[in-house]
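Heads up: the structure comes next, in structure tokens.
The values are calculated or read from the model by the stated rules, or taken from the named source; none is laboratory data. Note that this is a predicted model, so its numbers are computed, not measured. Because the Cβ atoms are built from the backbone with ideal geometry, glycine has one as well, and the counts that use them run over all protein chains shown. Only protein heavy atoms, including side chains, enter the accessible area calculation; ligands, DNA and RNA are left aside. Shrake-Rupley method; radii C 1.70, N 1.55, O 1.52, S 1.80 Å.
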Amino acid sequence: MAESAGVRREQARRTREGVLEAAAAVFVAQGVQAPVREIAHRAEVGVGTVYRHFPTRADLVTAVYRHQIDACAELAPRLLAACDTPSTALHRWTGAFVDFLVTKHGLGAALGSEDPGLENLHAVMVDTLVPACAELLGACVDAGEARADVTAYTLMRAVGNLCITGPDYDQADARRMVDLLLTGCRTTS
């Protein structure tokens, strides 16, 4: 008996999600130029399956990046609903944003490459994450927990700059510096 179209679509969706998760993990470990066979192996699919879902490396990098951006954006309202204070939600969301930024080994080079498939990634991040951060920051301002002169875009740029890691500065250092930045965003009253 032939599978229904709905079952096939669900299987394809699960396969695609599995490839995205595998690619994200491989990109963290090896950078965005990691061999596709490594991604396929981790996703437990064939290389052809990866290419069927993502015909080019740019398609795969963009999909992974977009998937993670969307997850980070979707976290903001959930944290606002779940946390005792807006500042706690902002702090937790910023921690997730730090993790997102620090684990993008090689993405900076990809963003600066000549590949036309990757040219809009920065805009996607800004267009998706600034509103999420603004929602959190606005709630903090409304609750009297943050200064009104701090904008979401400026805060995110500052966090991004603090997340440039190197030999003597790692993810833990970035988190500590972002904590200090968030302390500076609090109201003084």
Write out, first by first residue and then by second, each pair whose Cβ atoms fall under 7 Å of each other, whose residues are 6+ apart or on separate chains, and whose first residue, in the stretch 28-54, is open to solvent by 50 Å² or more (accessible area, probe 1.4 Å) while the second is modelled with pLDDT under 95 and assigned to a loop (DSSP other than H, G, I, E, B).
V28/T103; V28/H105; Q33/G106
Restricting attention to the stretch 79-96, and to residues there that are hydroxyl-bearing (S, T, Y) and in a helix (DSSP H, G or I), which single residue is least open to solvent (accessible area, probe 1.4 Å)?
T94
Single residue of the stretch 142-154 satisfying the filter (surrounded by fewer than 17 Cβ atoms within 10 Å (Cβ to Cβ) and among the β-branched types (V, I, T)) that is nearest to the chain's Cα centre (by Cα)
T154
Flag if A76 is open to solvent by less than 50 Å² (accessible area, probe 1.4 Å), touching a residue at least 24 places away in the same chain (Cβ under 8 Å) and assigned to a helix (DSSP H, G or I)
yes
If you take the residues of the stretch 162-172 that are within 16 Å of the chain's Cα centre (by Cα) and within 17 Å of W93 (Cα to Cα), which of them is surrounded by the fewest Cβ atoms within 10 Å (Cβ to Cβ)?
Q171
Exactly one of L180, L137 is within 11 Å of L90 (Cβ to Cβ), of a type outside the set (K, R) and in a helix (DSSP H, G or I), and that residue is L137
Name the single residue that is farthest from the chain's Cα centre (by Cα) among those in the stretch 178-188 being open to solvent by 80 Å² or more (accessible area, probe 1.4 Å) and without any contact (Cβ under 8 Å) to a residue 60 or more places away in the chain.
T188
Open to solvent by less than 40 Å² (accessible area, probe 1.4 Å) and assigned to a helix (DSSP H, G or I): does that describe Y65?
yes
